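Bear in mind these aren't lab numbers, they're just calculated from the coordinates by the rules spelled out. Quick caveat: nothing in here was measured; it's all calculated off a predicted structure. As a convention, Cβ positions derive from the backbone with ideal geometry for all residues, glycine included, and neighbour counts pool all protein chains shown.
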Amino acid sequence: MKHNKADDVDGWLVIDKPKGMGSTQVVGKTRWLLHANKNGHTGTLDPFATGVLPIAFGEATKLVPFVMGGEKEYEFVVEWGAQTDTGDTEGKIIAVSDKIPNREEILAAIPHFIGKIKQVPPMYSAIKINGEEAYKLARKGQTIEMPEREIEIYDLKLLAEYEKSAKFKVRCSKGTYVRTLGADLAEFLGSKGYLSELRRTKCGNFSLDSTILLDSLEKVEYIEQRRKSLLPIETSLRDIAEIAVSAEDARKLSVGQGLSPKNFAGVEPAETAAAMFHNCLIALVRIDERKISPIRVFHNIIQKELTDVDN
């Protein structure tokens with residue numbers, strides 16, 4: 001089939017991002033591969049990093065804030081004895097140390113980094129300072145005062161030790177800079193450190209099991225076959241209440257009208273719930289005692305499902 005104008009494509013494509021490629025590049029590449037008119041990622045992975053990068057297409061872009069707000073999991077390797085200005089292998093060395101922490105020291109330090117902690121993000125980051133990304137200012141040689149932020153480390157484990165490095169796994173909140181975590185851990189241990197490897201293994205509800213390699217997707221000849229790698233938009237949601245709605249309810253939600261909770265037996269108040277029609281997510285709703293109100297409505301999905309009913 002010949003395609004000219006880009007199509008409405010809805011769902012999630014979870015890429016195992018290759019090293020050396022920026023998140024925005026992956027977004028552009030996948031949009032072209034699926035011939036889609038709209039997509040976006042759920043949080044930047046540095047070109048240096050690899051791993052889980054969920055790409056939202058079409059209606060799934062309305063769920064990006066829910067994924068970005070979820071917890072993340074990374075595996076990373078800290079090289080002891082040096083610090084770089086970027087916190088990874090792509091920067092220049094700005095400090096050195098002869099101290100190489102041993103296993104006992106590392107294990108004793110880990111509890112100090114679990115829970116709510118303060119972090120100063122790296123200068124080479126996408127955080128905006130007076131409207132411009134910090135990394136652009138840093139590349140111009142400007143000294144930047146990065147604002148401290150509170151993040152949460154849910155778990156931190158030592159996975160392996162090498163001659164002058166150590167491998168860790170961390171489960172953390174949004175906004176955590178693992179490069180900063182590595183440097184701060186080294187500093188706490190009386191050394192210097194930078195990341196030589198960084199791999200995201202989970203992002204919200206998505207894990208490495210959900211991913212496809214970009215190279216594998218490129219090798220699929222037909223666009224329709226590539227689109228079979230898409231996951232339904234509701235895949236990104238976890239532990240959320242569901243209500244099954246009728247075609248009439250779906251039409252009301254599509255134009256922003258609320259529904260009466262009295263028509264749904266046993267429904268409980270919920271800040272966010274999923275309105276399902278034909279087992280498809282058509283809206284996110286808020287439920288209180290008086291009304292079921294639409295928060296996010298997925299018009300393309302509603303239109304498709306109602307067309308199938310009418311036919």
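Here the dipole of the chain is about 600 debye; that uses its Cα centre as origin and unit charges on the Cβ of Lys and Arg (positive) and Asp and Glu (negative). The order of THR42, THR180, going from fewest to most other C-beta atoms within 10 Å of their C-beta, is THR180, THR42. Ranked by the mean number of other Cβ atoms within 10 Å per residue, highest first, peptides 249-260, 167-178 order as 167-178, 249-260. The angle between the Cα long axis of helix 178-188 and the longest principal axis of the Cα atoms of the chain comes to about 30 degrees, rounded to the nearest 10. By other beta-carbon atoms within 10 Å, ranking GLU187, GLU289 with the fewest at the front produces GLU289, GLU187. Per-residue Cβ neighbour counts within 10 Å put ASP184, ASP7 in the sequence ASP7, ASP184, beginning with the fewest.
Seen from PRO47, the other residues with C-beta closer than 11 Å to its C-beta sum to a net charge of -1, counting Lys and Arg as +1 and Asp and Glu as -1. The order of the peptides 270-278, 147-155 by mean Cβ neighbours within 10 Å, most packed first, is 270-278, 147-155.
Averaging the Cα positions of each part gives two centres, and for segment 14-92 and segment 221-249 these lie 22 Å apart.
With a cut-off of 13 Å between beta carbons, the residues surrounding LEU214 carry a summed charge of +3, where Lys and Arg count +1 and Asp and Glu -1. Lysine pairs in segment 137-238 whose alpha-carbon atoms fall under 15 angstrom of each other, counting only those eight or more residues apart or on distinct chains, come to 6.
Estimated from helical segments only, the mean residue ellipticity of the chain at 222 nm is -6000 deg cm²/dmol, where each DSSP H run of four or more residues counts as -39500 (n - 2.57).
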